[in-house]
Each structure stands twice: as structure tokens, then as C-alpha cells.
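No lab work stands behind these numbers, since they all come straight from the coordinates. Note that the coordinates shown come from a computational prediction; the quantities given were computed from them, not determined experimentally. Every residue, glycine among them, receives a Cβ derived from its backbone with ideal geometry; neighbour counts consider all protein chains shown.
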Number of protein chains: 2
Amino acid sequence: MSIERIFAKRTERMKASEIRELLKLLDDPSILSFAGGIPDPALFPAKDFADAMASIMQTGSNTALQYSVSEGYLPLREWIAGQMAKIGIPCETDNVLITSGSQQALDYLGKLFLSPGDTALVSWPTYMGALGAFNPYEPRYDQLSVDGNRAATDYAHEAKAAGGAVKFAYLSVDFANPTGETVDLRGREAALDMAEELDCAVIEDAAYQALRYDGQDVPPILALELARKGDLEACRTIYSGSFSKTLSPGLRVGWVVAAKPVISQLVLMKQASDLHSATLNQMAVHRVAEQRFDDHVANLRTVYGQRRDAMLAALTKHMPEGVQWTRPEGGMFVWLTLPAAMDGAELLVYALEHHKLAFVPGRAFFADRSGGNTLRLAFSCATEVMIEDGMSRLGAAIRETMT
Amino acid sequence: MSIERIFAKRTERMKASEIRELLKLLDDPSILSFAGGIPDPALFPAKDFADAMASIMQTGSNTALQYSVSEGYLPLREWIAGQMAKIGIPCETDNVLITSGSQQALDYLGKLFLSPGDTALVSWPTYMGALGAFNPYEPRYDQLSVDGNRAATDYAHEAKAAGGAVKFAYLSVDFANPTGETVDLRGREAALDMAEELDCAVIEDAAYQALRYDGQDVPPILALELARKGDLEACRTIYSGSFSKTLSPGLRVGWVVAAKPVISQLVLMKQASDLHSATLNQMAVHRVAEQRFDDHVANLRTVYGQRRDAMLAALTKHMPEGVQWTRPEGGMFVWLTLPAAMDGAELLVYALEHHKLAFVPGRAFFADRSGGNTLRLAFSCATEVMIEDGMSRLGAAIRETMT
């Protein structure tokens with residue numbers, strides 16, 4: 001038999017990602033890789049987690065190893081509510097759901113809003129994991145523009161013509177994966193205006209928010225909406241946060257903050273899909289966050305900020321004429337645009353073979369598979385020496401393949 | 001705004017479960033509860049997990065706290081492959097996917113197979129978490145009969161008339177939640193025959209398999225199919241296992257064994273929905289399982305077996321004429337059938353108020369919401385004294401409300 005024959009239609013939209021295939025290369029230690037957008041494990045608060053787990057297992061193992069509620073561990077939800085208040089989003093614990101990383105939040109939000117043929121507005125490029133999370137719900141994508149280039153009526157008209165409605169605008173707001181760019185205040189207000197006019201939700205992916213190296217914090221979209229409306233229950237913005245870029249990705253702990261009807265439905269979804277996020281993990285993240293989240297993040301900012309500086313300096317030094325790149329104020333990524341005639345995937349093949357160098361070609365970040373002449377560089381796991389070496393190799397590879 | 005208005009249609013099928021609401025009662029220590037189908041935390045291998053985690057955090061924290069592959073932690077997949085071989089299912093690690101508990105496997109399998117209007121065959125009653133997991137994919141349910149009462153053509157005809165096809169038969173095979181009953185060899189072969197004729201998959205939920213207290217092991221359906229076909233890649237049965245009933249539910253570690261095309265698609269699904277199950281948790285489960293899975297399970301069998309015996313004895317002693325119950329050979333549950341005129345939910349209200357006693361009314365386990373005169377009793381967390389007391393209260397409540 002060929003069991004694929006009876007798979008649901010939605011599986012046609014679920015394909016292997018380039019990043020995933022690329023990550024397999026990281027096992028080859030001879031390759032200098034700027035591909036994986038992962039935190040530097042040397043910066044994990046490992047001792048703090050070890051202590052927290054030892055303490056939890058000594059006094060609370062019956063709780064840590066047992067089933068728990070789908071909403072998440074209450075003390076952690078309380079701590080998160082406190083953090084949210086600091087960034088302009090005072091909320092109750094009932095506005096907070098713990099997820100298994102922010103990837104799960106994106107899956108749930110696709111499941112919550114998207115019927116086949118509905119439209120999701122995303123930037124071109126956008127986080128490819130968001131496209132992966134939404135794809136099983138068979139949406140159509142349209143290119144979100146927050147600079148006033150397109151009117152809400154235009155989006156609505158095309159969504160209707162495609163047989164659905166615009167259900168949400170998805171924005172990775174701070175130092176986005178893959179571009180490293182931040183949606184400025186005007187862009188956030190414009191996204192909100194657009195959502196009001198379309199009567200759709202806004203998904204605010206704030207996974208990198210804590211990792212700012214310079215410049216000024218921009219208020220979250222949810223904070224802006226809350227300032228307009230005065231009541232979180234009247235807000236259409238759904239905020240997704242994560243401990244993956246600050247404390248640990250491997251423990252899989254993230255969160256969603258939204259109006260209670262959204263949280264209630266997501267809780268039912270979580271109950272049906274994996275019951276709850278691992279209890280011990282939530283307890284350990286709570287302890288470490290409570291004890292030293294701010295100190296730890298301050299250290300990350302210093303170290304990653306130096307790497308960002310090193311990468312921007314090395315790009316200036318080594319990139320040939322015609323190559324452009326972003327200047328991120330935080331996060332883990334710089335986004336490179338090659339001359340229009342070049343292709344990032346072809347460059348990768350060449351760079352791997354001739355320079356033992358890896359990065360992520362940009363096309364996979366575009367819902368329409370455009371952007372062939374772009375690529376993503378991650379600086380989070382590279383020392384300054386590696387960055388200088390790597391950008392030198394990249395410059396050579398580009399020059400050698402430029403036509 | 002009312003954001004529910006733009007939720008996807010599938011959310012209409014996602015409702016709060018009675019069990020969930022009931023579990024909130026467990027916080028009241030004055031209530032004697034047989035409701036929660038959870039392991040006794042006093043039996044958790046807490047010391048072993050504490051040691052495993054301390055060791056992992058000392059030498060492998062960079063791995064334990066970092067992102068890992070969607071397939072799961074390789075040494076754990078290898079250990080599981082070894083266990084599967086012992087029960088007649090020799091397989092490769094590429095046939096094994098780690099999931100966040102078996103609940104996630106059910107969600108993924110619904111997502112893999114079910115388009116709206118497709119048919120899922122389930123027993124009447126069945127695990128309510130399976131209905132919860134499948135519901136978002138908007139299936140139709142039909143009552144699976146493995147005793148030859150209905151022909152495959154009959155199922156196929158009705159599925160087609162409903163606008164879809166039979167995509168799978170779901171069976172909780174050993175000491176099922178909620179009935180405690182086991183599908184015998186003849187039933188398993190019949191399910192397989194039926195699936196062959198319908199050209200559909202079989203989902204074998206083996207969450208309780210390790211917890212047998214007497215009687216003979218029955219080969220898994222996947223082992224029977226493998227014996228027929230000689231090649232796992234030709235098999236349509238998908239086996240779902242869990243560490244939740246043996247080592248710890250709170251760590252959220254389960255697994256799926258199936259042909260590689262199924263596993264490959266599930267890996268893509270996992271990548272898109274939560275990237276991977278928590279790394280530390282998989283490493284810790286691997287260490288504890290490798291060191292003392294069999295010893296630990298032997299102890300569980302002894303303790304839970306005594307509780308099962310105590311409950312059956314107490315039921316014989318306290319139940320009035322007209323009440324029937326199952327005699328499970330393992331697991332955590334006994335299933336009670338009241339006289340036809342009685343209602344389990346009404347009995348619960350009465351028992352809570354007058355006898356401070358809790359259990360789960362049976363209706364939620366029926367896809368057609370029949371079975372009003374049934375209820376589920378869990379003996380896993382009750383001492384023999386509590387069981388004697390509880391069944392005495394239950395007998396009184398039934399007698400007092402019998403008409």
C-alpha cells in the first residue's frame with residue numbers, strides 16, 4: 001500500500017524546510033556556519049537551571065513529574081503578567097497561556113483563525129517557521145505593507161475573491177527573523193489601523209524582543225492597542241513571547257497574551273493537542289526567570305551586541321560593491337541582498353564547496369518564493385574571529401561568482 | 001469587537017471537557033475522588049529522575065538546554081526501538097518519532113489523515129482525549145465494531161455518503177481508558193482485516209500496555225500486521241506509546257512507531273507545530289528508562305494490581321443489584337454501567353453533594369453522546385482504605401437515587 005494516498009489534503013502544504021536540511025551540515029565541524037539561528041549554548045544559565053531543577057526535584061517532584069493544567073504553571077503565568085506590565089501591557093494571569101515555545105503559539109493561532117482559503121498577511125520575507133505553522137491550515141498569503149502602499153479594501157477584496165477573508169496580520173516586530181529589522185512605531189500603528197479596518201487579528205511575534213543592543217524600545221503593538229482602547233478584552237492583538245532566545249530553547253517554554261476569549265479557546269486547543277507543556281520545565285523557567293532574568297539578559301545583550309558589531313564591521317570590510325545588508329538594533333540576524341542577477345542558493349552551494357561556509361538562502365522566507373538574491377546570516381553563535389574569517393570567505397565567494 | 005466571530009469553523013468542534021472541569025474539584029481535599037485517570041505521584045521514580053537530571057546538567061547542559069531535532073533524541077529512539085522488538089515489532093530508529101505525550105500523537109494523526117467530513121472509526125465509548133484531538137479536523141465518527149456485526153462495505157458506504165472516506169480505525173487496545181477492557185486477539189485481527197478492506201490506517205493507542213496485572217499479553221496490532229506482511233514499511237498500523245503511565249506524565253514524552261513515510265510526514269508536522277519535544281526531558285527519560293524501566297514497571301504492577309483487586313472486591317460488596325462493571329486485567333480504570341434509567345452525570349451531582357464522592361460520568365466518552373447510564377472509576381491514586389470507603393459511598397449514592 002502507499003499510505004500517503006490517504007493523507008489529508010493539508011499535507012500537500014507541509015514540506016521539508018531548507019533550514020532543516022541545512023542544519024544537518026552543522027555536524028561537519030570543518031564548515032564555518034552562519035546558518036542556524038540558535039542561541040550560543042555557552043551563554044545558557046546552565047548552573048542556574050541545574051540548581052533550580054535540583055531544588056524542584058528535592059521538594060516538588062510530585063508536582064514537577066505529574067500532569068498539570070493546560071493553561072500553564074500559575075507562578076510562571078504570574079511572573080509573565082508582571083513582565084508584560086513593564087512593557088505597557090498590564091494583564092491578568094487569565095490573559096496568559098504557556099505554550100511549548102512560540103512555534104506552538106503560531107500553530108495554535110493558525111488553527112484558531114484559518115479556514116482553507118482564508119488570507120494571512122505576512123511580510124515579504126517573514127519568519128519561515130510562521131509559514132510552516134500556518135500552511136497546514138491551507139491559507140492564502142498576501143504581502144503585508146505597513147507603509148501605506150496598499151489600502152485595507154484592496155486586501156479585503158482580494159481575500160474575498162480567493163474565497164475567504166483576511167484573518168490576521170502576522171508581524172515579527174523586533175529584530176525579526178530573518179531580516180533583523182524592527183517595525184517602527186508608525187508601522188505598528190499602521191498595522192493596527194489596517195487590522196481595525198479589516199476587522200482581523202494581529203499576531204505580534206516578539207520572540208527577540210529582549211535582545212536589543214542599541215536604539216530605543218518600541219512599544220509592543222498590543223501596548224499601543226491597549227493605550228487606544230483601555231481594555232485588553234477589547235484588543236485584537238495577540239502577543240507571542242518566548243524564553244527560547246533568553247533562557248533556553250531546549251526546554252520549550254513560551255507564552256501568549258491576549259483577550260480572554262482567545263486564551264480560553266487556545267487552552268482548549270492545548271488540552272486537545274498535548275494536554276500541557278512539561279511541568280518541570282515551566283517550574284524551572286519560573287525559578288530562573290524570577291531569580292535573574294534581567295541580569296542574564298543584560299549579559300546576552302553585551303555579548304551578542306559585540307558580535308553584531310563585529311559582523312557589521314566585517315561586512316563593510318569584505319563585501320563587494322552591489323551587496324546590501326541590514327543594520328539590526330538587536331536579535332541574531334543580518335539580512336544580505338545580493339545583486340539582482342545572483343542567487344543565494346547557488347551561492348551557498350559554491351560557498352560550501354569552495355570556502356566551507358554556510359548561511360541560509362533567502363527564498364524560503366518568502367511566501368511567494370521570491371527573494372532569490374537574498375540570504376540570512378546569524379551572528380549569535382560566532383566569535384569575532386569567526387565572523388571576520390566568515391565574512392572574508394563570503395566576500396570571496398560573492399566576488400568569484402558575480403557575473 | 002467579538003473576536004470569536006472570526007475564529008475558524010473548526011473551533012465549533014472544540015469544547016471544554018467534563019473531565020477537565022471535574023479535575024478542578026480535586027483541589028477540594030474533602031472530596032474522595034476516583035475521577036482523575038492519573039498515576040500515583042508517590043510511585044514516580046523521583047530519585048532516579050533527580051539523579052538523571054543532575055548528571056545531565058553537569059555534563060550535557062549545552063545539549064539539554066539547546067534546540068534539538070524534530071525526530072527526537074536519538075538514544076531514546078534507539079531504546080524504544082529495542083523495546084518494540086521485544087513485543088514483536090522490530091524496527092529502525094527512523095520508524096520512531098518522539099512526541100510530547102501520546103496526546104500529541106493523536107493530534108498529529110488527526111491532522112495527517114482527516115479532511116473535514118472524513119470518517120474516523122472509534123469504539124463506543126472511547127478515550128475522550130482522542131475525540132478531542134480529532135475534533136478540530138472536523139471528522140464524522142462511526143462506531144467501530146470488531147465482532148463482525150458490520151461489514152466494511154457498510155462503513156465505506158456511509159463514509160462516502162457523508163462526503164469523505166474512512167481514514168482510520170482508532171483503538172485503545174490494552175486496559176482502555178475508559179473501560180479498562182482489552183481488545184482480544186480475534187478483535188485485533190478483525191480490526192486489521194477491516195482496515196485492509198477499507199484501505200484505511202489503524203491507530204493503535206497502547207498508552208497503558210505496560211500495566212498488566214494478570215492474564216496473558218496480547219500481541220500489538222502492529223506486531224500482527226508485521227507478522228502478516230513481513231515488512232514494517234508495508235504496514236498501515238500506527239503504534240502510539242507513552243511514558244506517562246509508567247515514568248512520568250509531567251515530562252510529556254511519548255512516541256509513535258510506523259512506516260517511514262508516516263514518520264517523515266509527522267516529523268514535518270512536529271517541526272511546524274512545536275519544533276521538537278523538550279531536549280532535557282527526552283534525555284532524562286532515556287536515562288531512567290535505560291537504568292530501570294522494567295524494575296519500576298514491575299513495582300507499579302504490584303501496587304496498581306492490588307488497588308484493582310481492592311476495587312473489584314469493594315464493588316462486589318457494595319453495588320446494588322442491576323449495576324454492572326468491567327474486570328480489567330490492567331490499567332487504571334473500571335467502567336460501571338448503571339440501570340438504564342439512571343444518569344451518571346446526575347449521580348455525580350448527588351454523590352458530590354451528599355457523599356463527597358467524585359468519578360467521571362460516561363457520556364463524554366461516546367462520540368454520539370449516548371451512554372448516559374455509565375461512569376468511569378479510576379483506582380490508580382486510591383489506597384485500599386479509600387477504595388473501600390469510596391465504593392461504599394458510591395453504593396449508597398446509587399441506592400438513594402435509584403428509581
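Structure data summary
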| item | result |
| --- | --- |
| For B:Val96, net neighbour charge (Lys/Arg +1, Asp/Glu -1) across residues whose Cβ lies under 10 Å away | -3 |
| Contour minus Cα-Cα distance for B:Trp124 and B:Thr383 (0.36 nm per residue) | 90.2 nm |
| Chain B, Cα convex hull volume normalised per residue, Å³ | 162 Å³ |
| Fraction in percent of alpha-carbon pairs per bin - 5 Å, segment A:52-292 | 1, 7, 14, 19, 20, 17, 11, 6, 3, 2, 1, 0 |
| Residue exposure sequence - A:His318, B:His276 - by fewest surrounding Cβ within 10 Å | A:His318, B:His276 |
| Per-residue HN-Hα couplings for segment B:184-192 [Karplus 6.51, -1.76, 1.60; θ = phi - 60°; Hz; x = Gly/Pro] | 6, 4, 4, x, 5, 5, 5, 4, 5 |
| Links that overshoot a 30 Å alpha carbon limit, given the list A:Lys9/B:Lys229; A:Lys86/B:Lys245; B:Lys86/B:Lys160; A:Lys160/B:Lys111 | A:Lys86/B:Lys245; B:Lys86/B:Lys160 |
| Karplus (6.51, -1.76, 1.60) ³J(HN,Hα), θ = phi - 60°, over segment A:203-220, in Hz, Gly and Pro reported as x | 9, 9, 8, 10, 4, 9, 3, 6, 9, 9, 9, 7, x, 9, 4, 9, x, x |
| Among B:Phe359, B:Phe293, B:Phe333, residue whose mean-square fluctuation peaks in a GNM of chain B (springs only between Cα atoms under 10 Å) | B:Phe293 |
| Cα Rg, Dmax (largest Cα-Cα span) when computed across segment B:44-144, Å | 18.0, 52 |
| Cα centre as origin, Lys/Arg/Asp/Glu Cβ charges: segment B:66-146 dipole, Debye | 160 debye |
| B:Asp368 versus A:Thr63: modelled label distance in nm, points set 7 Å from Cα along the beta carbon direction | 4.5 nm |
| DSSP bridge orientation in the protein assembly as shown - percent antiparallel, rounded to nearest 5 | 50 percent |
| Loop sites in segment A:269-348: GluC sites (Glu not before Pro), DSSP, at most 16 other Cβ within 10 Å | A:Glu321 |
| Average projection area in nm² (convex hull over Cα atoms of segment B:217-318, one quarter of hull surface) | 9.4 nm² |
| Kirkwood Rh and Cα Rg combined as Rg over Rh, evaluated for segment A:131-231 | 0.97 |
| 10 Å-binned pair-distance histogram of segment B:300-356 (Cα, whole percent) | 20, 44, 31, 5 |
| Cut-off under 5 Å, modelled amide H: who pairs with A:Ile203 long-range | A:Ala169, A:Tyr170, A:Leu171, A:Ile238 |
| Environment charge of B:Ser240, counting only residues whose C-beta is closer than 10 Å and scoring Lys/Arg +1, Asp/Glu -1 | -2 |
| Stretchable slack from B:Arg292 to B:Ala42, in nm (0.36 nm times residue separation minus alpha-carbon distance) | 88.3 nm |
| 27 Å Cα-Cα reach of B:Lys317 towards lysines, excluding residues that sit fewer than 8 places from it in its own chain | B:Lys356 |
| J(HN,Hα) series, segment B:353-358, from Karplus relation 6.51 cos²θ - 1.76 cosθ + 1.60, nearest Hz, glycine and proline x | 6, 9, 10, 6, 10, 10 |
| Leading residue at positive end of dipole, segment A:52-292 (Cβ point charges), from A:Ala133, A:Thr279, A:Cys235 | A:Thr279 |
| Amide H partners (placed H, <5 Å) of B:Trp325, local residues excluded | B:Thr337 |
| Estimated Rh, the protein assembly as shown: Kirkwood, alpha-carbon pairs, angstrom | 27.6 Å |
| Max mean-square fluctuation residue, GNM over chain B, Cα-Cα springs under 10 Å, options B:Gly37, B:Gly82, B:Gly305 | B:Gly82 |
